[in-house]
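Here is the structure we will look at, set down as structure tokens.
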Amino acid sequence: MTLLHTHDYGGDGPQLVLLHGYARSLTDWDASAALLTAGHRVLAVDLPGHGRSPGISSWTIPNVVRHIADTLDAHGVPEAVVVGHSLGGLVAVDYARANPGRARAAVNLDGFWWGREYPGAERVSEGLLASAGAIAPPEYVEEQVIVSARFGIPADRAEAAARAAVRPLPDGKWQTLPQRAEALEIVDELHRLGALGVTTWLDGVDCPLLLVQAGRRLPPAPGMEWFDEFSARFAQGVSEELAAVSRTRPTISVNRIDATHLMNMETPEAAATLVAGFVGGLPG
């Protein structure tokens, strides 16, 4: 059994378990968690190979789900609403599928992906893998704070999140996470799930689901203008699938947040309000 690193934010009420995105950590949830503890018990988890969690020998979604279940057992959490952002959103849905008696519901904040053959997918994968397990210079955290400012993320929040997502090295440099071997496995899993399409992927998940898309696209970085067209095209396809599946599956709710993909860092209040409203409307 490999237990994952967690942070118990406390609170009282329905149990929430928060999962973060690729190359991020549970610290991304600090601001939203502080709001959610007003009416919920909140526990956040670092995914394997991220933050302060150990790596695992085979980074597959079923394997990750088992490690989360073991970790929640160790913390005395028999049932929870699992809330995930990005990669964490994909994991949250699959946790609910694998643990129908333990997942009261699941929330996926902009956790959607594409198959390996989707036009442009290879370029995105190359970008993800290029930075995996890299040695970054001492000024890396400060650079991340500057990038985050483009999204209106306060410097203190951005710095804490950047520090928590990397491993400090003795010479003042940083190692990015996850390691490359795990990143390769993660990308394979993302493509495997993405190839199914949203409708097929959601088959077999019977608990209530809240599926949320970003209402705004990431501003194009220099040299990355192609990604704006890529993400717009993909988001439109996902939106159409979500609209269709929500019409035939009464347990599925669909919403948007007026933010980019970084919604839980960019607009933590809106993310917390949406999650709290969904949980408050669940059947007793």
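The values are calculated or read from the model by the stated rules, or taken from the named source; none is laboratory data. All values derive from a computational prediction rather than experimental measurement. Cβ atoms come from the backbone with ideal geometry, glycine included; neighbour counts cover every protein chain shown. Surface areas here come from the heavy atoms of the whole protein model, side chains and all, with no ligands, DNA or RNA. Shrake-Rupley method; radii C 1.70, N 1.55, O 1.52, S 1.80 Å.
Some observations on this one:
- Among the criteria (1) part of a helix (DSSP H, G or I); (2) small (Gly, Ala, Ser); (3) open to solvent by less than 40 Å² (accessible area, probe 1.4 Å); (4) farther than 23 Å from Ile257 by Cα, the one Ala132 does not fulfil is (1).
- Taking each residue of the range 141-160 that is under 21 Å from Arg216 (Cα atoms) and looking for partners that are assigned to a loop (DSSP other than H, G, I, E, B) with beta-carbon atoms closer than 7 Å, six or more apart or interchain, yields Arg150/Pro219; Phe151/Thr260; Phe151/Leu262.
- Of the helices (runs of 4 or more DSSP H) lying entirely inside the range 146-206, those carrying at least 1 residues that are within 17 Å of His20 (Cα to Cα) are 155-164, 180-196.
- Among the helices (runs of 4 or more DSSP H) confined to the range 215-284, the ones with at least 3 residues that are among the small types (Gly, Ala, Ser) and over 22 Å from Leu128 (Cα atoms) are located at 225-248, 268-280.
- The residues of the range 1-14 include none that are over 18 Å from Gly277 (Cβ atoms), small (Gly, Ala, Ser) and surrounded by 15 or more Cβ atoms within 10 Å (Cβ to Cβ).
- Residue, farthest from Thr267 (Cα to Cα), within the range 167-183, restricted to residues that are touching a Ser or Thr at 6+ places or on another chain (Cβ under 9 Å) and surrounded by 21 or more Cβ atoms within 10 Å (Cβ to Cβ): Ala183
- Failed item in (1) farther than 24 Å from Ile61 by Cα; (2) in a strand (DSSP E or B), with His7 passing the rest: (1)
- Selected residue [at positive phi and surrounded by 14 or more Cβ atoms within 10 Å (Cβ to Cβ)] from Gly204, Gly197: Gly197
- The one condition in (1) open to solvent by less than 20 Å² (accessible area, probe 1.4 Å); (2) in a loop (DSSP other than H, G, I, E, B); (3) in contact with a helix residue (DSSP H, G or I) (Cβ under 7 Å, 6 or more places away or on another chain); (4) not charged (D, E, K, R) that Val77 fails to fulfil: (3)
- Qualifying residue in the range 74-94 (condition: more than 18 Å from the chain's Cα centre (by Cα), touching a residue at least 60 places away in the same chain (Cβ under 8 Å) and farther than 30 Å from Asn255 by Cβ): yes
- Subset tally (residues that are surrounded by fewer than 19 Cβ atoms within 10 Å (Cβ to Cβ) and modelled with pLDDT of 95 or more) for the range 259-284: 7
- Odd one out for Leu218 among (1) open to solvent by less than 40 Å² (accessible area, probe 1.4 Å); (2) under 17 Å from the mean Cα position of the chain (by Cα); (3) of a type in the set (A, V, I, L, M): (1)
- Top-ranked residue of the range 97-114 - restricted to ones that are open to solvent by less than 50 Å² (accessible area, probe 1.4 Å) and not in a loop (DSSP other than H, G, I, E, B), ranked as nearest to Cys207 (Cα to Cα): Ala105
- Count of residues meeting criterion [open to solvent by 30 Å² or more (accessible area, probe 1.4 Å) and either of a type in the set (A, V, I, L, M) or within 25 Å of Ser131 (Cα to Cα) (or both)] in the range 15-30: 4
- Given (1) open to solvent by 10 Å² or more (accessible area, probe 1.4 Å); (2) in contact (Cβ under 8 Å) with a residue 24 or more places away in the chain, number of the condition Ile186 does not satisfy: (1)
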